[in-house]
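Have a look at the structure below, then the notes.
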């Protein structure tokens, strides 16, 4: 399950540091090992930060949709539920970015989603964002090195694909085609 | 699961029970076990020849799904719309089967064959077929999601992520058709 690759990367002591349990003493070797570990996962953290940017964007879009008064009761339920999923993703990503020594990106002060004048506009926007997010996770999954981060990212990918499939159904798009990345 | 069982799983002739035990071991002994005592390896022996074990478990589930959709299509119980979905989803599972089989060969293994016969229980209505499909798709989602982080080879992980994506789409559609909420 955990390969030599992981074992080389994580010292047992390093793992405890990763999960936030302070250690009594830090020798220069340990500090050096810790820096190496962070650098080794720098690419993972960069990917997580891109994902975090997409989560911020999705939350903003769903907020806009929910406040627009354009959605039906059922559509609103979906929008709120999916927004909550994205909030949870955001929190998970924040946690891992910080844990691995990164600085999480902030949401933009404003997003330009174009003119949204109907429920269909909102559904199309949500579909585009969800498909983009699913594609981003899918395209980058194999680049992730940390087992821990992969485990955190997989349930997020599962949610994004569920979301995009729901919107495909609502918009009358094919659900028998494979997601194109 | 001990080493002998793992060898049996990889070398062919696995039962559904062996596959499920494998998945349960992988899920239960994940990061938690490692974090607690750093002694994960004994739980899964030599990681079941690495990716080959994971791929073999996945291949078992793909064979099973293909057979289930085949049984559904041949049952004549499906409406035209449901039949189209079944054929399309079965085609995805065939694609996964072929990709996984190729990956196992690349890794020096021999892909397992489907079982001669599957027991899917009483299938008397379209809903029975769809419920069976949903149950298997859900199992596949859980399996891929659980095992993804254990995959070593990046190409295999990439393929697994794509298969997972298909299984989630299938599950979401079947949920809708059966009246389960997706949110």
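Couple of notes before you dig in:
- Filtered residues of region A:165-179 (kept if facing another protein chain (nearest Cβ under 7 Å) and surrounded by fewer than 24 Cβ atoms within 10 Å (Cβ to Cβ)): A:169, A:175, A:176, A:178, A:179
- So residue B:135, is it within 17 Å of residue B:173 (Cβ to Cβ), modelled with pLDDT of 90 or more and in a helix (DSSP H, G or I): yes
- Sole residue being closer than 24 Å to residue A:44 by Cα and surrounded by 19 or more Cβ atoms within 10 Å (Cβ to Cβ), chosen from A:149, A:122: A:149
- Residue count for region B:74-99, restricted to those that are in a helix (DSSP H, G or I) and farther than 19 Å from residue B:171 by Cβ: 4
- Within region A:64-88, considering residues that are under 10 Å from residue A:119 (Cα atoms) and away from every other protein chain (no Cβ under 14 Å), the one surrounded by the most Cβ atoms within 10 Å (Cβ to Cβ): A:70
- Scan of region A:145-155 for residues that are more than 7 Å from chain B (Cβ to nearest Cβ) and more than 21 Å from residue A:87 (Cβ to Cβ), ordered by number: A:145, A:146
- Conditions (1) free of Cβ contacts under 8 Å to residues at least 40 places away in the same chain; (2) surrounded by fewer than 15 Cβ atoms within 10 Å (Cβ to Cβ); (3) closer than 30 Å to residue B:158 by Cβ; (4) more than 11 Å from the chain's Cα centre (by Cα); number of the one not met by residue A:91: (4)
- Test: residue A:133 is within 14 Å of chain B (Cβ to nearest Cβ), over 13 Å from residue A:52 (Cβ atoms), modelled with pLDDT under 95 and surrounded by 15 or more Cβ atoms within 10 Å (Cβ to Cβ): no
- Within region B:145-161, considering residues that are touching a residue at least 60 places away in the same chain (Cβ under 8 Å) and at the interface with chain A (Cβ under 8 Å from one of its Cβ atoms), the one surrounded by the fewest Cβ atoms within 10 Å (Cβ to Cβ): B:152
- Out of A:115, A:126, A:139, sole residue that is under 24 Å from residue B:171 (Cα atoms) and at pLDDT below 95: A:139
- Residues considered: B:181, B:173, B:141. Of these, the only one that is at the interface with chain A (Cβ under 9 Å from one of its Cβ atoms) and not in a helix (DSSP H, G or I) is B:181.
For every residue, the table says whether it meets (1) within 15 Å of residue A:79 (Cα to Cα); (2) under 11 Å from the mean Cα position of the chain (by Cα); (3) more than 14 Å from chain B (Cβ to nearest Cβ).
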| position | (1), (2), (3) |
| --- | --- |
| A:103 | no, no, yes |
| A:115 | no, no, yes |
| A:128 | yes, no, yes |
| A:143 | no, no, no |
| A:157 | no, yes, no |
| A:163 | yes, no, no |
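The values are calculated or read from the model by the stated rules, or taken from the named source; none is laboratory data. Quick caveat: nothing in here was measured; it's all calculated off a predicted structure. All Cβ positions, even for glycine, are placed from backbone atoms using ideal geometry, and neighbour counts span all protein chains on display.
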